[in-house]
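**Q** Have a look at this one before I ask anything.
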Amino acid sequence: MSIRCQRAASAAALLACFAVAVCGQEVTSVLLDYFRKRLQDSTHSQPPAYGELLNVVDSISTSSPAAIESALGLLTKALQSKTDNLAIEAAFAMFEIARRPDGGSLLRGRISDLASLLTSKDERLSGGAALTFGYLHQTVPEMTTPILIRHLSGGESSIVKTQIARTLLQSKSVDETAWKVIEAYVKQPATGEVKVANLYAVANSASRSQVFVPFVVQSLNDDNKYVKVAAIYAVNSLGPEARIVALSSVNKLAADPNEDRQVRRVADLFLRGRLGDPSFKPDIPERPQRPQPRN
């Protein structure tokens, strides 16, 4: 290679490094400056426009690991804010970090701070933390499993706890102790909304565990139509043995003229082996998938 070519290559390499460095500084300043400014506001009473927060959060997926790490101290401090707006904004950012492929390694040192949110009375914080742990569990299960099991044990059922159960059920490395805690939680008394969520969590279990078959079949007789629909889906997903056990109950639902029309339709699809048809959308309300700041 000629000297001129070598110089040109060196110049190009330097320019590339400079461009990466400048880009990294810009990304870092966006995340740092946003939460630094929010923390310096002594009242935190006036949150910025939601679009501004989205711009900051949306930059996280393309930020360098160093840029993310430089902002974690401020994010953790913001999580502990007594003003819910600021804590929600920080939880939103943590959720997006957890979604990154390297989210587990980036947040290893912040897991205990995130775990404290699981007991928050504000469902935006507790629910957001449960969703965040769902992503972290994919990369650092050895750190998240004990925390999730502890929060699932004891106390009343809730949508937040069901999200925790769902995360554990979707894991392929659930041990016997965890199974007992999950089974006890799913089978305990719950509101109709939580029962529906529990049944869909069972339906999406990675292990297709048969321990839930009696609970699912019993749910086919529930008074709540949404519980019945969810139970049919769960039976269908648990495999041939569960379907055989539930066949008589599902037949009754499909044939009962006094039964809700939606329940009869789902039961009929089950009996004809078409419940997995992607063109069919059950009438089940969706819940938000990530925490929303309060304006």
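The values are calculated or read from the model by the stated rules, or taken from the named source; none is laboratory data. Because the structure is predicted, anything quoted here is derived from the model rather than measured. Here Cβ is always computed from backbone atoms with ideal geometry, including for glycine, and neighbour counts include all displayed protein chains.
**Q** May I ask you to verify whether Leu220 is crowded, with 19+ Cβ neighbours inside 10 Å and farther than 26 Å from Ala129 by Cβ?
**A** Criteria met by Leu220.
**Q** Please specify each residue of the stretch 82-101 satisfying the condition of being at pLDDT below 90 and surrounded by fewer than 21 Cβ atoms within 10 Å (Cβ to Cβ).
**A** Correct list: Lys82, Thr83, Asp84, Asn85.
**Q** Scan the stretch 44-79 for residues that are part of a helix (DSSP H, G or I) and in contact (Cβ under 8 Å) with a residue 60 or more places away in the chain and jot them down.
**A** Tyr50, Leu53
**Q** Separate question: Tell me, yes or no, whether the stretch 206-217 has at least one residue that is touching a Gly at 6+ places or on another chain (Cβ under 7 Å) and under 22 Å from Ala267 (Cβ atoms).
**A** Looking for residues that are touching a Gly at 6+ places or on another chain (Cβ under 7 Å) and under 22 Å from Ala267 (Cβ atoms), one finds at least one in the stretch 206-217, hence yes.
**Q** List the helices (runs of 4 or more DSSP H) inside the stretch 217-295, counting only whole elements, that have at least 1 residues being at pLDDT 90 or above and either under 25 Å from the mean Cα position of the chain (by Cα) or on the phi > 0 side of the Ramachandran plot (or both).
**A** Here the list reads 225-237.
**Q** Restricting attention to the stretch 35-61, and to residues there that are hydroxyl-bearing (Ser, Thr, Tyr) and modelled with pLDDT of 90 or more, which single residue is nearest to the chain's Cα centre (by Cα)?
**A** Per the stated criteria, the residue is Ser61.
**Q** Regarding the stretch 156-166, can at least one residue be identified that is buried (at least 17 other Cβ atoms within 10 Å of the Cβ) and not in a helix (DSSP H, G or I)?
**A** yes
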